[in-house]
Amino acid sequence: MSEPLVIVGTGIAGATAALTLRSEGFDGRIVMIGDDPSAPYRRPPLSKEVLRGGQAPSRTLLKPVGHWADHGIELLTDATVTELDPAARKITLTGGVRITYHQLLLATGGRPRRLPQTSGLRAVHHLRTLADAQALRGALLRGGHVLVVGA
């Protein structure tokens, strides 16, 4: 099998799938692709410890950065899948890079709902990624009023 098993999503589901495949003896090529520029990390601490400054962002990593390569898992970060062709078993990434796969797992997770009325407002923050948490923390440290929409 020369084509890899491709996992689209570097969140907890995608990362756990890759790690489980390895721990269960899968010895084929695994490529994990995510649009986040960071290696896989835990999201729950972002809205708690990271936001209030009690935990360094690096402590949210699921595994040390080198762990993925050490276990034969190719990690493509800051990469977005722009096209999926299931008949040809190919995906296309931003920039036109195409990857042919043997099997594909879509583990993309959710996205926050964005209110159209807030588009372009610099004081509106969404909290999903590590970068979001760091930007929101910076804004909170500058002070001001806060309104939280969502759970």
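The values are calculated or read from the model by the stated rules, or taken from the named source; none is laboratory data. Quantities reported herein were computed from a predicted structural model and do not represent experimental measurements. Cβ sites come from the backbone with ideal geometry, for glycine too, and all protein chains shown count toward neighbours.
Values as computed for the structure displayed
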{"read-out": "Subset of the stretch 123-134 [more than 26 Å from residue 7 (Cβ to Cβ) and exposed (fewer than 14 other Cβ atoms within 10 Å of the Cβ)]", "value": "123"}
{"read-out": "Any hit, the stretch 108-122, residues being at pLDDT 90 or above and either surrounded by 14 or more Cβ atoms within 10 Å (Cβ to Cβ) or of a type in the set (D, E, K, R) (or both)", "value": "yes"}
{"read-out": "Selection within the stretch 1-51 - crowded, with 22+ Cβ neighbours inside 10 Å and among the hydroxyl-bearing types (Ser, Thr, Tyr)", "value": "10, 41"}
{"read-out": "Number of positions in the stretch 135-151 that are loosely packed, with under 14 Cβ neighbours inside 10 Å, part of a helix (DSSP H, G or I) and not basic (Lys, Arg)", "value": "2"}
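To keep it simple, each residue is scored yes or no on (1) under 25 Å from residue 133 (Cβ atoms); (2) of a type in the set (Val, Ile, Thr); (3) in contact with a helix residue (DSSP H, G or I) (Cβ under 7 Å, 6 or more places away or on another chain); (4) in a strand (DSSP E or B).
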| site | (1), (2), (3), (4) |
| --- | --- |
| 26 | no, no, no, no |
| 37 | yes, no, no, no |
| 55 | yes, no, yes, no |
| 75 | yes, no, yes, yes |
| 82 | no, yes, no, yes |
| 96 | no, no, no, no |
| 99 | no, yes, no, yes |
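Per-residue answers, yes or no, for (1) free of Cβ contacts under 8 Å to residues at least 40 places away in the same chain; (2) within 19 Å of the chain's Cα centre (by Cα); (3) over 14 Å from residue 79 (Cβ atoms):
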site	(1), (2), (3)
3	no, no, yes
14	no, yes, no
18	no, yes, yes
37	no, yes, no
